[in-house]
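Peer 1: Below you will find the structure I want to go over with you.
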Amino acid sequence: MSGLLSKISASTRGAHRSERRNTHRLDADRRAKLLAGLEKADLEWFWESDEQGRITYLSDHALGAIGLDASEVIGSEIATLLDTRESDDAGGAARSLKFRLASHSPISRLNVKVLKASCETWWEISASPSLGSNGKFLGYHGTARDITESLEKSRASERLAQYDSLTGLANRLRMSHQIEQTLAVFRQSKRSCAVLLLDLDQFKKVNDTLGHPAGDELLKQVAERIKKIFSHRGEIGRLGGDEFQIILPDIEDRGELADLSKRVVQMLSQPYSIEGSRAIIGCSVGIAIAPYDGVEASELIKAADLALYAAKDSGRGTYRFYSSELSNRATFRQELEDGLQDALANDQFVVEYQPIVDSGTHKVACLEALLRWDHPERGRISPADFIPVAEELGIITEIGEWILMEVCNHLAKCPPEIRAAVNVSPIQFASADFVQSVQKTISKAQIDPSRIELEITESVFVGDLEHALDVFQRLKKLKVRLALDDFGTGYSSLSYLRDAPFDKLKIDQSFVRGCTAPDTNNGALVAAIVSMAKALGMETVAEGMETKDELEVIKCHGADYLQGFIFSSAMRIDELLERFERKELEFEPLGPERFRSERRTEFRKVGLIHGDSRYNVFLRNISKTGARVEGLLDVPVGTDVVLDLGGGQLAVASVRRSDGFRQGIEFETPLISDGGGGLCTRHRVSPYQIEAAGRPLGALDNDSVAAVTSVRSAPRAFMEVEIGKN
C-alpha cells in the first residue's frame, strides 16, 4: 500500500510541475505578445546588447526612425550608435551612460544623442543588466523612445527663460546667475573679472520720434555691434530697456578696458539705418572689476552702476571706472538736484565770457558765454557737474533761455563788431518752441541776430536727423550764426557738414593740446580740419590754446580764430566793458613756451614708499607721466620710489628733480584716463595679495593697502616735514 501511495504522490507532483511549466510558458507567451503589441504600436522600442557591449537587437521602428537597416546596427558597439562621450548636453546624461556601461549598472531614463541619425536625434533609454545563473554579466536589455521634439521644446522654454527674445542676448536672470557663478569660481582660483554696464544715450528720443518698432530694430542692431567687439571675450546680456551688460573674465588691466570701452562708444555712436530713416545715438559705459571693486556679485554690480552714473553725469558718450569716491559723488549729486531747483530763482547763476580772437590780429572777435553757479555753501560749482543734472531734471531749457537773454542784454552794451557764442543743450534744441524762443529773445534785446552764434554739439543729431535739419534752416532764416562745437569727438560724422548750414567749426581742444609733440598726429588732424572747413566755406576756431608752440603751429595751419588760456580765461562782463571802453580789443598771448603733458592741480595726502619705509607726502600736481610731491627733505635725484595714489594704485617712479622738500617724479608706466577727466593706474594691488598677507578678502580700501606696503620698524632714509596748503 505504501508503494502505491508513493507512486500516486510522485505522479501528482509531476502533474503539478507540468502544470507550472505550462503556466510559465503561457505567461511568457503572453508577455511576449504584449511586448510585441507594444513594439508594433510604436509606443516603446526595445534593444539588447551582449557582454561585449555589442547591439544584438533593436526594434524595427527604432531602425526606421533613424533611417538604418539592421545590418548597419546589429553587431556594432553601443558607442557607435549612442554618444557616450562626456558632455553637458541633456544635463550630463552622456557622462552617466558611459559610467553605467563600464560598471554594468542599471540605466534609468537617460537622454542620449543618436550618432548615426541623419539629423539631430535624442533618445531616452532605460535598461537592466542580464545576469547568468552564476551572476556573470551577459549584456543589457531595455527600452528606448524618441524625445527629440520634447527636448527641443524644453530647450526652447529654457532659452525663453534665460535669453532676451528681442536681441537673442542673455537676459537679466541669466546674467545675474553667470556673475554669481563666475565670481564664486574665480575666488577659488584667484582670478579677476570685469563687468561693463552700457546705457544708450538718447535712445528715448528715437522711440519717441520714430516709434517703438524702430526702437526695437535699433536695439537689435546695437546688440549685433556689441557682439562684434565682445562675442569671443565674454558673456553679453541685455538687462532690459536700453541697458546692456558684459562679463569679461581674466581682465584687470584698466588700460585694456578703457580701449575696449572707447571702441564700443565709438561703434555704437555711428549712424543706424532703420526703415528708411537715419538715427544716431550714443553710449555711456561704467566699469567695475572683481575682486578690486567688489567680491560679491551685488557689490560688483553696484560699483559698475555707480560708474555708469558718473559717465552719464560727465557728459555721456564716455566711460568711467568705479572708485570709492563715486559713493560720495552720489551724495553730491543729490545736493545738486536739491540746489538746482532754486538756483535760477535765487540769482545764483552768473554768465562769464572767454574771448575768441582773430588769429592774425589777436583782437577779440567773439565772446563765448560760459555759465557759472555760485552755490551759497559749496562756492563755485563746475558746469561739468551741474549741467547733466539740470538736463535730467528737465530745467535745462529754462536755464538756456535765461542765458540767451542775459547774453543778448550784455551784447547790446558791447561794440557792434563783437559777437557772442552761446552753447545750446541738445534737450533745449529739441524743444518745440526753441526757434520761437530765440527769435523772441533777440528781438526783445534789439540786437543784430548775426551777432549771436549758437554753438551746437553733434549730439543734437541723435534721433531725428530731419527735425534737426529743419530747426537749422529756421534758425538761419532768423540770420543767427551756427557753430559746430567740439568737432572731431563724440558722434562725429562728415554728413553733418554736408547737410547742416554751419558758419563755423570749433576744433576740439584734444586736437590742439599736444599738437607739437613728436608722437602725435594732432597737428595733421588740425590741418585737415581747417582745409576741409575752408573748402566748405566755414570758419574755424581752435579751442584750448595754452602754449606758445601750440599757438605757432595752429596759426601755420590756418585756423581763423583762437581761444584758450594763453589769451584769457573767462572774464566778467564789467571787466570786458572796461576794456572795450579803453579800446583794448587785442589780447596778448601769455603762457608757457612749450607744451608738456597736462597736469592736474591737486592738494591731497598720498603715500610714498621707499624701500621698506612708507612716508606721507602731499601731491601738488599730476600728469600721465609724472607728478610733483612735497614733504620729504633732500631726496637724491635718481631715487626709486612708489607713489600710493589711493585705492590700491601704486605707481613705480623715479625722482627726476629735487629741491629741498619738493620732488618731481617720473612714472615708469604712464597713467591712463579714467574717462572723467582724471587719471588712474592701469593695474592695482590685488586683493588676493592682501588676503595672502593675512587680511580678509574684500574690495580695495586704503587701510588694507597701507597695511601691506609699510614696515613700521624699518629705518627711514628721509625726514618728513610739515606742509601747509599755501
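Peer 1: Taking every pair of Cα atoms in the range 180-297, average 1/r, invert it to obtain the Kirkwood radius, and report Rg/Rh to two decimals.
Peer 2: Values: Rg = 15.7 Å, Rh = 15.2 Å.
When Rh is taken as the Kirkwood radius, the ratio is 1.03.
Peer 1: Using helices alone, I'd like the mean residue ellipticity at 222 nm for the chain: each DSSP H run of four-plus residues gives -39500 (n - 2.57), total over residue count, nearest 500. Walk me through the intermediate numbers first.
Peer 2: On the way: 23 runs with 282 residues, N = 726.
Mean residue ellipticity at 222 nm (helix-derived): -12000 deg cm²/dmol.
Peer 1: Quick one: if you stick a label point 7 Å off each Cα along the C-beta vector at V637 and R378, how many nm between them?
Peer 2: Taking the two extended label points, one gets 4.3 nm.
Peer 1: Shifting gears a bit: Kirkwood Rh over Cα pairs of the range 65-222 into Stokes-Einstein at 25 °C, 0.890 mPa s: D in µm²/s?
Peer 2: So the translational diffusion coefficient is about 121 µm²/s.
Peer 1: Same structure again: Just read off the accessible area of E588 with the full protein assembly in place, 1.4 Å probe, to the nearest 10 Å².
Peer 2: 120
Peer 1: Please work out the Cα convex hull volume for the range 566-718 and give it in Å³ per residue.
Peer 2: Details: hull volume 24.1 nm³, N = 153.
Normalising the Cα hull of the range 566-718 by residue number yields 158 Å³.
Peer 1: Report the Cα centroid-to-centroid distance between the range 193-262 and the range 503-568 in angstrom, as an integer.
Peer 2: 34
Peer 1: Just the projected area, averaged over all directions, of the convex hull on the alpha carbon atoms of the range 384-510: how many nm²?
Peer 2: Working: hull surface 31.8 nm².
Reported value for the Cα convex hull: 7.9 nm².
Peer 1: Do any GluC sites (Glu not before Pro) in the range 267-341 lie in a loop, going by DSSP, with at most 14 other beta-carbon atoms within 10 Å of their beta carbon, and if so which? Mind showing how you got there, number by number?
Peer 2: Details: sites: E275, E296, E299, E325, E335, E337; in loops: E275, E296.
Loop-located and lightly packed - E275.
Peer 1: Then there is this: Please say if the range 134-173 is rounded, prolate or oblate, where rounded means a/c under 1.5 for a ≥ b ≥ c the square roots of the C-alpha gyration tensor eigenvalues, and otherwise the choice is prolate for a/b larger than b/c and oblate otherwise?
Peer 2: Details: a/c = 7.04, a/b = 3.35, b/c = 2.10.
Cα axes put the range 134-173 in the prolate bin.
Peer 1: If the viscosity is 0.692 mPa s and the temperature 37 °C, what Stokes-Einstein diffusion coefficient in µm²/s follows for the range 494-555 when Rh is the Kirkwood radius over Cα pairs?
Peer 2: Answer, rounded: 272 µm²/s.
Peer 1: So for the pair T56, Q689, with labels modelled 7 Å out along Cα→Cβ, what separation do we get in nm?
Peer 2: 6.7
Peer 1: Answer rounded, prolate or oblate for the range 322-366, using the Cα gyration tensor with square roots of eigenvalues a ≥ b ≥ c: rounded when a/c is under 1.5, else prolate when a/b is larger than b/c, else oblate.
Peer 2: Note, shape of the range 322-366 comes out oblate.
Peer 1: Ignoring ligands, DNA and RNA, how do D69, D574 rank by accessible area with a 1.4 Å probe, largest first? Present the calculation step by step, with values, prior to reporting the outcome.
Peer 2: Details: D69 95, D574 75 Å².
From most accessible down to least: D69, D574.
Peer 1: If r is the Cβ-Cβ distance from E335 to S103 and R0 is 60 Å, what FRET efficiency results, to the nearest 0.05? Present the calculation step by step, with values, prior to reporting the outcome.
Peer 2: Details: r = 69 Å, r/R0 = 1.15.
Computed FRET efficiency for E335 and S103: 0.30.
Peer 1: So in the chain, what percent of DSSP beta bridges are antiparallel if you round to the nearest 5?
Peer 2: 80
Peer 1: Okay, moving on. What does the range 660-699 give for Rg and for Dmax, in Å, if only its C-alpha atoms count?
Peer 2: For the range 660-699, the Cα-based Rg and Dmax read 15.1, 41 Å.
Peer 1: Compute the Rg/Rh shape ratio of the chain: radius of gyration over Kirkwood radius, all on alpha-carbon atoms.
Peer 2: Here the Rg-to-Rh quotient is 1.19.
Peer 1: Can I ask one more? When the Debye formula is applied to the Cα atoms of the range 511-653, each taken as the same point scatterer, what base-10 log of I(q)/I(0) results at q = 0.14, 0.19 Å⁻¹?
Peer 2: With no solvent term, the Cα-only Debye profile gives -0.84, -1.07.
Peer 1: Here's a follow-up. For a quick check of your reading of the filter: which trypsin sites (Lys or Arg not before Pro) in the range 204-269 sit in a DSSP loop and have no more than 16 other Cβ atoms within 10 Å?
Peer 2: Answer in residue order: R233.
Peer 1: Rg (Å, one decimal) plus Dmax (Å, integer) for the alpha carbons of the range 279-399?
Peer 2: 18.3, 61
Peer 1: What is the list of residues in the range 128-143 whose amide nitrogen lies under 18 Å from a point 7 angstrom out from the Cα of T80, following Cα to Cβ?
Peer 2: 140
Peer 1: If you average the sequence gap of Cα pairs under 8 Å that are 6 or more apart and divide by the length of the chain, what percent do you get for the contact order?
Peer 2: On the way: 1332 pairs, mean separation 59.0, N = 726.
Value for the chain: 8 percent.
Peer 1: Sticking with this one: From zero up to wherever the largest Cα-Cα distance of the range 231-336 sits, split into 10 Å bins and tell me the percent of pairs in each.
Peer 2: Taking every Cα pair in the range 231-336, the percentages come to 14, 44, 31, 10, 2.
Peer 1: Grab the Cα-Cα distance for S613 and K479, subtract it from 0.36 nm times how many residues apart they are, and report the gain in nm with one decimal. Provide the component values of the computation, followed by the final result.
Peer 2: Details: separation 134, 0.36 × 134 = 48.24 nm, distance 6.77 nm.
Here the segment from S613 to K479 would lengthen by 41.5 nm.
Peer 1: For the range 377-449, how big is Rg over Rh, using alpha carbon atoms and the Kirkwood form of Rh?
Peer 2: On the way: Rg = 13.7 Å, Rh = 13.5 Å.
Ratio value, two decimals: 1.02.
Peer 1: How large is the accessible surface per residue of the chain, computed with a 1.4 Å probe and reported in Å² as a whole number?
Peer 2: On the way: 35580 Å² over 726 residues.
Here the residues of the chain average 49 Å² of exposed surface.
Peer 1: Now for a separate question. Quick one: P(r) of the range 100-147 from all Cα-Cα pairs, 5 Å bins, percents rounded to integers, in order of increasing distance.
Peer 2: 5, 20, 23, 21, 15, 8, 5, 2, 1
Peer 1: On a 1.4 Å probe surface of the protein chains, which of E72, E256, E581 comes out largest in accessible area, and what is the full order? Kindly include the intermediate steps, with their values, before the conclusion.
Peer 2: On the way: E72 90, E256 65, E581 150 Å².
Final ranking, largest accessible area leading: E581, E72, E256.
Peer 1: I'd like the accessible area for R657, computed on protein heavy atoms only with a 1.4 Å probe and all protein chains in place. Round to 10 Å², please.
Peer 2: Approximately 140 Å² for this residue.
Peer 1: At R0 = 35 Å, how high is the FRET efficiency between A432 and E325 if r is their beta carbon distance? Nearest 0.05 is fine.
Peer 2: Working: r = 39 Å, r/R0 = 1.12.
Calculated value: 0.35.
Peer 1: Return the distance in nm (one decimal) between the two label points of a simple spin-label model at E584 and N621, each offset 7 Å from Cα along Cα→Cβ.
Peer 2: Simple spin-label model gives 2.5 nm for this pair.
Peer 1: Quick one: if the Förster radius is 51 Å, what FRET efficiency do L344 and L697 give, using the C-beta to C-beta distance and rounding to 0.05?
Peer 2: Numbers: r = 49 Å, r/R0 = 0.96.
Between L344 and L697 the formula returns 0.55.
Peer 1: Sticking with this structure for a sec: Net charge near H362: determine it from the other residues with C-beta under 12 Å of the C-beta of H362, scoring Lys and Arg +1 and Asp and Glu -1.
Peer 2: Working: positive: K363, K555; negative: D358, E584, E586, E588.
With Lys, Arg at +1 and Asp, Glu at -1, the net is -2.
The values are calculated or read from the model by the stated rules, or taken from the named source; none is laboratory data. If you're wondering where the values come from, they're calculated on a predicted model, not measured in any experiment. Glycine also receives a Cβ, built like all others from the backbone with ideal geometry; neighbour counts cover every protein chain displayed. Protein only, heavy atoms only, side chains kept; ligands, DNA and RNA dropped before computing areas. Shrake-Rupley method; radii C 1.70, N 1.55, O 1.52, S 1.80 Å.
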